[in-house]
Amino acid sequence: MQQEIVIETRNLTKIYRDFWGRQKVHALKALDLEIRKGEIFGLLGPNGSGKTTTLKLLLGLLFPTSGQALVLGRDATDVTKNERIGYLPEETYLYRFLNAVETLDFYGRLFNIPTALRRQRIADLIDVVGLNWAKRRQLKEYSKGMARRIGLAQALINDPELILLDEPTTGLDPISSRDMKDLILKLRDMGKTIVMCSHLLADVEDVCDRVGILYQGELKELGRVDTLLKMHDMTEIRASGLTKEAQEEIKQVIERHGGQLVSVGTPTTTLEELFLKVIRQSEAHPGRRVRGAGVEAGVSDGR
Amino acid sequence: MVVENPVPPFSSWIGLASLTWLLVVLGVALAGLLLGFLIALLRHGPARAVRLTGRAIAGAVEDLVRMSPRRVWALASLAFREAVRRKVLVGFLVFVVILLFASWFLDPDSDEPARLYMSFVLTASSYPLLLLVLLLSVFSIPADIRSRTLHTVVTKPVRPSEIVLGRMLGFTLLGTALLAVMAIISYVFVVRGLAHTHSLAAENLRPVTQVHLAPGAAQPMVGETDKVHGHKHTVRIDSAGNARVEPKRRHWHEIFVEQTAGGTKYRIGPEQGSLRARVPIYGKLSFRDREGFDAKEGISVGYEWTYRSYIQGGSPAAAIWTFERLRPEMFRDHVPVELNLEVFRTHKGNMERQVLGSLGVRNPDTGLFVSVTNFQSNEFLSDEERAIQPLSIPLLMVRKKVAGIDVIQRKSKTPEGGVALSPNDPHRLKEAQDLRSQLKEEDAVDLFRDVVTRDGRMEIWVQCVEPGQYFGAAQADLYLPAPDASFMLNFLVKGYLGIWLQMLLVIGFGVMFSTFLSGPVAMIATIGALVGGLFKPFMVKLATGEQIGGGPIEALIRLVQQQNLVSELAPTLGAEVAQSLDVVYRVGLRGMAAVLPSFGDFSYANFVADGFNIGANTLLVHGVEALAYFVPVFVAGYLFMKMREVAR
C-alpha cells in the first residue's frame, strides 16, 4: 500500500546571492524528493553538499529561489505546519541562560500546550534523555552531549509526527550515540517520520531505511539502504568451529564451482561494539579491568 | 514656566491627528506594497507577482490577527528573563551610584533647590533607563539570529508578529519595573534632600521701629532664623502676637510659639511649599497694538527666541488673556493671578527699580473694563515679591478702590481696510455704560455678574504703564492657579509616565530596526530617528518655507555668494533650478517630519521641576501619540521580520 507522503519537494532550488543580487553559491539544484510516513530518511553528503540547506528549506528558515517544498501537505514557509514538526538543529541553539526545565517549558508554551500536559511531558522527556540529575542547571554549564540531549527533548516536546534531525550524533560519545540511535528507531516504531542528515556514514547505515546522497547541491543517489548496500555478485559465509582442513575443503568446493575466493580470515568486531562491551562490563563490575572483551564480542556478536 | 509647544485640547486635536495618522500610515503601507509588487514583477512576471502580493497581504493580516497571547507572553517573559540574567540590572546600579554621590554635587544652597533636585533625579533616571532599553532592544534579535537560537524558535508554530511583539512587551515590562523602582528611590531622595527646618532664638528678634502702636498691643518683632541649607528666613511677629515665617527659595515654614517657664520659645516646622503641583488655568493670549487695534502678536524687540511678544509702555498696547469656562465656585473671595512677565528696557536708569504695569479685567460681550490694580515687574519676579504682594482680582471690586471703570470696544482691521468694533451691539454697550455711570463710590462691581460672561469668558489685560519700557508676554506667563494637585502623584506617576512613553518609543523603534539591521546599525538608526524627532519643529519650518533662507541648495548658494538670508536671489537660471530642487527636498522633509516622533515633548521634567501639575489632557494626547507610533512601528517590525530569511 502506498504510504502517505510527508515531505515532497518539486524542483527545489536555492541560490545564495549577495546584497547586489549577484549569484554566489548554487546550494541546491532542482531537488525532487518524496519522504513517506513512518520511515527514517538519511541525507548524506560531504560538507557543503546542500544537506543543511535542504533541511532549512523544509523548515522555512530559508526561502526557495525556485521550486516548492511541501511539508505535511503545507508550504514549507507556513508556520502552522510547525505544530506537527520537531527539529534538532546542527548545534544545540538554545538559550544558555535557561535550565533544562525552563527550556522545555518555554518551547512547550510556544506550542500552546496546556500547563498540566506540559509539565507531564517535560518530566517524561527529561527522563527519556537522562538529564534528571542536571535539570536545574543552566544550559551554559552543560557538556556538548548534554546539550544535544536537551536539544532532542525540545524537538519532541510537541509529540511531533515529523522529526528533522541535523547531525543528531555529532559530538556524542559512543554510548550516547547508541542511545540516540536507539531512540530514533523507537520513534520510528511509534509511527513517526524522521529525516536526518549526517556525514557519519555508520550512523546513517545503522538507522536509516532510505538515504539520498547529495553532492554539490545535486541528488546523486536515492534508495533503500539495504538495496543500495547489497553486493549482488558476492556471497558471504560465516561459520564457527571450523578446522584448517575444513576451511581448505571449502576453498576447493568454491573453486570447483567456478567461484573466486576473495578472502578468508577471522572477522573483527567494530570498535563501537568493543567500546560498548567494555563500558557495559565496567558498569557491571566496577574496579575490575575488562579482559578479552573483543574476542567475546566478536564471537558472540557473530556479524 | 516656559511652555513652547502647548498641548492642544484632546477633543480638538484627535480629529485632525487621526486623519493625518491614517494618511501617513496608508501612504507608507501603499508605497511598501508597490515596491514589493515591482520587485516580484521583475523577478517572477506579472501573474505570479499578483499572486504573491495577494498572498503576502493575506498572510500579514492573518499573522497580525491570529497572534496567540500565550505565545507572545512566553516570548515576552523570555526577553525579560534574558535581560535579567544577562545582568542588565547593572544599568540600574549606575543610577543608584549616581544618586549616592549626587549630594556631593547638588548644591542645596542654590536659589531653587527643589527644581535642581527634581530635574536632576528625572534626568538621572531617564538617561540610564533609555540607554539600557535602547541597547537591549537593538541587540536582542540580531544576537538571537547570530547565535541561531532564533532557529529553534521560528521552527515552532511562532508567527513573526509574535516574536516582534514579544520582544517589545518583554523589554517594556522590564523597563517599567526598573522605572517604578527608580521613581520611588528618586521620590525618597528628593523629599529627604529638601527636608529641613530652622531654629529661632528669642534673642534674635528685635522690635520693629517706627510703628504706631495701639494701646495695649504688643510690640511687633522681626528677626531671622539660623542658616540651614544656605538660607535664612525672616520671621515677623505682629502686634497681635501672630508669628509668620516669610517664604524664601520657594518654600516657607510654620512657626509655633510656646510659652515656657524659661520664656517664649519658637519652634519652626518642616519646610512646605517646595514640592508643589500647581494647576494653572491658562487663557488664550492675543495682543493690542499701540494704536489700539487687535493684533495676533506684539512687537519683536529683536530677540532670536520668539517665544515672547512685547507690548510698548505708555500706549494702548496690551497683552490680553481670554479665559473660558470660569465659574464662581472655582474661587472663594478673589481670583488669584500668577504672572511672570519679561521686561525689556529701552533706557536703563536705575536697574533696581521695577517697571510699573497695570492689570485690568474686561467683559468680552459688553466691553466693561475694570482697571483692577497696578503691579511692578522686573526682568524676573522673585518668589518673595510675589508672595508678599500677590496679585489677585477680588470677586467684589468696590468702586473707590479700583483705578477706573470704562467701556472699551476692541478694534480690528477688516480685510477691506475698514475697522470692525467689538462689541458692536448698541444695546450691550448701553448696558455697560449704564452700569458704569450708576456705580457710586461704595458700590461694587461683581466680577461674575458684570465682568464674566454667562458662559464663563473673561479677559485679563496687562499693560505697561511706563513709556519707553516694554513687557514681554507669552501665553503661559499669566494663569489663574486652581487648587494644587497631589505632588506625589505628579512626580511619581505622571512625571515618570513621560519617561515611560519615551521608553516605549525607544523600544518600538529599536526592535523594529533590529529586525533588518545589525545591532550597532540599528542603534544608530534608532538614535537618528529619535534625535531627528527633536528637530521636528525646525524641519517643519524648513519644509513649509517658514524658515527664511530657502532649502539646502539655495542656502549653499547664499553661503558661497555671501548673501544674506532675507534678500531674494537674483532670478538667474541657476537660482531657479536650485529652488526647484529645494522643492523636492522640502516634500521629502515634510514626509520625514510627519513620520518622526517629537521625542522631546514627552519629557515632563520641566513640569515637575517647576512645580506644575501635568494635566490629564497632556497625558491623554501624548499617550495616544505614543501608541500611534508604537502600532505602525510594530507592524513594520513584523513585516521586516517576516521577509527575513532567518538562517541566512
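Per-structure values
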quantity	calculated
Residue that is nearest to the other protein chains (Cβ to nearest Cβ) [pool: residues in segment A:94-130 that are part of a loop (DSSP other than H, G, I, E, B) and surrounded by fewer than 19 Cβ atoms within 10 Å (Cβ to Cβ)]	A:Phe97
Residue in segment A:33-54 that is more than 13 Å from every other protein chain (Cβ to nearest Cβ), of a type in the set (Ser, Thr, Tyr) and part of a loop (DSSP other than H, G, I, E, B) present	yes
Selection status of B:Pro632, assigned to a helix (DSSP H, G or I), at pLDDT 85 or above and under 21 Å from B:Val138 (Cα atoms)	yes
Condition broken by B:Gly550, with the remaining ones in (1) touching a Leu at 6+ places or on another chain (Cβ under 9 Å); (2) outside the structural domain of B:Thr176 (by TED's automatic domain parsing); (3) assigned to a helix (DSSP H, G or I); (4) surrounded by 14 or more Cβ atoms within 10 Å (Cβ to Cβ) satisfied	(3)
Strands (runs of 3 or more DSSP E) wholly inside segment A:141-230 that include at least 1 residues being surrounded by fewer than 19 Cβ atoms within 10 Å (Cβ to Cβ), at positive phi and free of Cβ contacts under 8 Å to residues at least 12 places away in the same chain	none
Given (1) free of Cβ contacts under 8 Å to residues at least 40 places away in the same chain; (2) crowded, with 17+ Cβ neighbours inside 10 Å; (3) more than 24 Å from A:Gln138 (Cβ to Cβ); (4) within 12 Å of chain A (Cβ to nearest Cβ), index of the condition B:Phe120 fails	(4)
Residue in segment A:63-79 that is over 23 Å from A:Leu139 (Cα atoms) and touching a Pro at 6+ places or on another chain (Cβ under 6 Å) present	yes
Residue identified as assigned to a helix (DSSP H, G or I) and either farther than 30 Å from B:Leu489 by Cβ or of a type in the set (D, E, K, R) (or both) among B:Glu568, B:Glu576	B:Glu576
Residues being under 44 Å from the mean Cα position of the chain (by Cα) and of a type in the set (S, T, N, Q) - total across segment B:150-164	1
Within segment B:43-68, tally of residues that are more than 10 Å from every other protein chain (Cβ to nearest Cβ) and loosely packed, with under 14 Cβ neighbours inside 10 Å	10
Condition check for B:Gly508: in a helix (DSSP H, G or I), among the small types (Gly, Ala, Ser), touching a helix residue (DSSP H, G or I) at 6+ places or on another chain (Cβ under 8 Å) and at pLDDT below 90	no
Members of segment B:1-40 found to be under 30 Å from B:Leu339 (Cβ atoms) and assigned to a helix (DSSP H, G or I), listed by number	B:Phe10, B:Ser11, B:Ser12, B:Trp13
Total residues in segment A:55-84, condition touching a residue at least 24 places away in the same chain (Cβ under 8 Å) and at the interface with chain B (Cβ under 7 Å from one of its Cβ atoms)	3
Strands (runs of 3 or more DSSP E) wholly inside segment B:395-472 that include at least 3 residues being closer than 21 Å to B:Asn374 by Cα, of a type in the set (Ser, Thr, Tyr) and in the same structural domain as B:Val370 (by TED's automatic domain parsing)	none
Scan of segment B:256-299 for residues that are polar (S, T, N, Q) and surrounded by 12 or more Cβ atoms within 10 Å (Cβ to Cβ), ordered by number	B:Thr264, B:Gln272, B:Ser274, B:Ser286
Qualifying residues in segment B:208-236 (those that are surrounded by 11 or more Cβ atoms within 10 Å (Cβ to Cβ) and polar (S, T, N, Q)) - the one modelled with the lowest pLDDT	B:Gln219
Elements of type helices (runs of 4 or more DSSP H) in segment B:41-112, at least 2 residues being at pLDDT 90 or above	B:46-65, B:69-85
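So that you can scan it fast, the table gives a plain yes or no per residue for (1) outside any helix (DSSP H, G or I); (2) within 14 Å of chain A (Cβ to nearest Cβ):
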| site | (1), (2) |
| --- | --- |
| B:Leu130 | no, no |
| B:Ser137 | no, no |
| B:Ser140 | no, yes |
| B:Ile145 | no, yes |
| B:Thr152 | no, yes |
| B:Lys156 | yes, yes |
| B:Gly166 | no, yes |
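The values are calculated or read from the model by the stated rules, or taken from the named source; none is laboratory data. Worth saying up front: this structure is predicted, and the values here are computed from it rather than measured. A quick note on method: Cβ atoms are made from the backbone with ideal geometry, for glycine too, and the neighbour counts reach across all protein chains shown.
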